[in-house]
Amino acid sequence: MYLDAFHTIQNNLIQITPEQGSRFAKEVSNDFNPLHNPESKRFCVPGDLLFAMTLARLGLSKKMQFNYTGMVGKGVELAFPETDAQTFTIKDVNDKSYLEVNREGETSQDMEFIEGFSRAYVAFSGHSFPHILVPLMQQHNVMINPQRPTVIYKSMAFEFEHLDIKAPSLKLSNSTLEVNGKRGKVRIEFDILDGDQKVGFGCKSMVLSGLREYQQSEVESLINLYETSKNNYLA
């Protein structure tokens, strides 16, 4: 399984090191958020890795919703339940919740399909910055703090028309930003395609904090820092 390199299992508990989480973010999601750098004091495991591992371990259902309730830091040991329940939670050994999942309808255990969809989703999700977020911030005349950029993944959901899908891909259908003082809520909507045919839809929501007035030069500096980090890693 392609996720084997990004976690370890001991006594049925899963641990993701900062190096493993960072590699997944950069190599699979193409996500260079500094929160996923191993040396970051605020390091957290990519939410997309928890999403992908949930599908791989518990299957992909026709309709699913994922609500992130905590950030997985260094040294956290996670317990993924073995269950057929409609609702379940990913917790650590101290019973702290990190991800709540709700599912409905038919469930597929086809690992080729699951890997294809999870790879398509996390690649799409990883492009949120700068491709989607910067135009939204510019439109609303706000920006995140360039010295402490904080973008928190809150939830995602999707629904398929059917699960007989060969080559899933995602396409952006709409994006919005709702600003409330120094906080903003982003909603990113997407269509799920199989070839040229639409077979489902979904959405992702994030929270931006520390918003301030938009400054083009500072946003450009933030983008340059992001791209430099990406180019240095790929080199």
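Every number here is computed from the coordinates shown, using simple stated rules; none is lab data. In this text the structure is predicted, and so the values were computed from the model without any measurement. Neighbour counts are summed over all protein chains in view; Cβ atoms, including those assigned to glycine, are modelled from backbone coordinates with ideal geometry.
With label points built 7 Å along Cα→Cβ from the Cα atoms of GLU189 and THR87, find their separation and express it in nm.
Those two pseudo-labels are separated by 2.6 nm.
Once both axes come from the Cα atoms, what is the angle between helix 216-234 and the longest principal axis of the chain, in degrees from 0 to 90, rounded to 10?
50
Estimate the FRET efficiency between SER209 and ALA123 by the formula 1/(1 + (r/R0)^6), using the beta-carbon distance for r and 25 Å for R0, to the nearest 0.05.
0.50
With angles folded into 0 to 90 degrees, how steeply does helix 111-126 sit against the dominant principal axis of the chain? Use alpha carbons for both and round to 10.
10
List the relative contact order of the range 1-122 as a percent without decimals, with contacts defined as Cα pairs under 8 Å and 6+ residues apart.
26
At 4 °C and a viscosity of 1.567 mPa s, what translational diffusion coefficient does Stokes-Einstein give for the range 4-234, taking Rh as the Kirkwood radius over Cα pairs? Give it in µm²/s as a whole number.
Approximately 71 µm²/s, per Stokes-Einstein.
FRET efficiency for GLU100 and ASP196, Cβ-Cβ distance as r, R0 = 22 Å, nearest 0.05?
E between GLU100 and ASP196, to the nearest 0.05, is 0.05.
Taking 0.36 nm per residue of separation and subtracting the Cα-Cα distance, what length does fully extending GLN109 through GLN138 add?
6.2 nm
Where does helix 47-58 land angle-wise versus the long Cα axis of the chain, in degrees 0 to 90, nearest 10?
Helix 47-58 and the main axis of the chain meet at about 10 degrees.
From the backbone phi of the range 169-180, what are the Karplus-calculated ³J(HN,Hα) couplings (6.51 cos²θ - 1.76 cosθ + 1.60, θ = phi - 60°) in whole Hz, Gly and Pro given as x?
With coefficients 6.51, -1.76 and 1.60, one gets 8, 10, 9, 4, 10, 6, 8, 9, 10, 10, 9, 9 Hz.
How about the range 1-41: which trypsin sites (Lys or Arg not before Pro) there are in a DSSP loop, with at most 14 other Cβ atoms within 10 Å of their Cβ?
Passing sites in the range 1-41 are LYS41.
What does the extension gain come out to for ASN11 and VAL179, with contour length at 0.36 nm per residue minus their alpha carbon separation?
Result: 56.0 nm gained on full extension.
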